[in-house]
Amino acid sequence: MRISNAILRGVPGAYLLQSGYGKLGMDAQAAEGLKQFAATGVPQFAEWDSKTFATFIAGSELAVGAALVTPFVSKRLAGAGLLAFSAGLLTMYFRNSEMTKDDGIRPSEQGISLSKDFFMAAIGAGLMVQK
């Protein structure tokens, strides 16, 4: 693995591992809030049980993060996972008018926390197309 790939994989991988680990054992109120927020991007999540949803999100973040930091997982597979996960997060950004300014693209104050997902999507795409 080249150092450039290690950096591109390591930074978002570590971020997702930390984020997923932090969601393990999430209390019911926090899980419900996270689920409702996620439902702004994927309305079907509103039908899920809050505990099941929190476990799903934590597991998803841990799985994608682990794939990114594991050297024997191909860069294309790890990149595809990161791109798919980021695309899911970006649905919340684009489907929630409070996240963007009036132009529907630039982040509002509330949208800054989700705008980092553009960087993760770009890293995922970059890993997929690298030779």
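Assorted remarks:
- Averaging 1/r over every pair of different alpha carbons in the chain and inverting the result gives a Kirkwood radius of 15.3 Å.
- Solvent-accessible area, 1.4 Å probe, carbon plus sulfur percent, for the chain: 66 percent
- With all protein chains kept in place, the per residue accessible area of the range 1-82 amounts to 56 square angstrom at a probe of 1.4 angstrom.
- Sorting 77, 89 by accessible area puts them as 77, 89; the probe is 1.4 Å, largest comes first, and only protein heavy atoms count.
- Ranked from largest to smallest solvent-accessible area, with a 1.4 Å probe on the protein heavy atoms, 98, 109 come out as 109, 98.
- Cα centroid separation, the range 73-131 to the range 5-61 (Å): 15 Å
- Residue 113 accessible area, 1.4 Å probe, all protein chains in place, Å² to nearest 10: 80 Å²
- Computed with a 1.4 Å probe over protein heavy atoms only, the accessible area of residue 75 comes to about 40 Å².
- Under-5 Å amide H pairs with residue 100, H placed in peptide plane, nonlocal only: 108
- Estimated [θ] at 222 nm from DSSP helical runs (n ≥ 4, -39500 (n - 2.57)) normalised by residues in the chain, nearest 500: -23500 deg cm²/dmol
- Surface accessible to a 1.4 Å probe, residue 101 within the full protein complex, Å²: 100 Å²
- Integer Hz, Karplus 6.51/-1.76/1.60 couplings in order for the range 32-42, x for Gly and Pro: 5, x, 5, 5, 5, 5, 4, 5, 5, x, 10
- Which listed pairs, of 51/101; 23/131; 35/131; 75/116; 101/131, have C-alpha distances above 30 Å, in listed order: 51/101; 23/131; 35/131; 101/131
- Test item: Cα-centred dipole of the chain, Lys/Arg +1 and Asp/Glu -1 on Cβ, debye: 720 debye
The values are calculated or read from the model by the stated rules, or taken from the named source; none is laboratory data. Worth saying up front: this structure is predicted, and the values here are computed from it rather than measured. Glycine also receives a Cβ, built like all others from the backbone with ideal geometry; neighbour counts cover every protein chain displayed. Areas reflect the complete protein model, heavy atoms only, side chains present, ligands, DNA and RNA absent. Shrake-Rupley method; radii C 1.70, N 1.55, O 1.52, S 1.80 Å.
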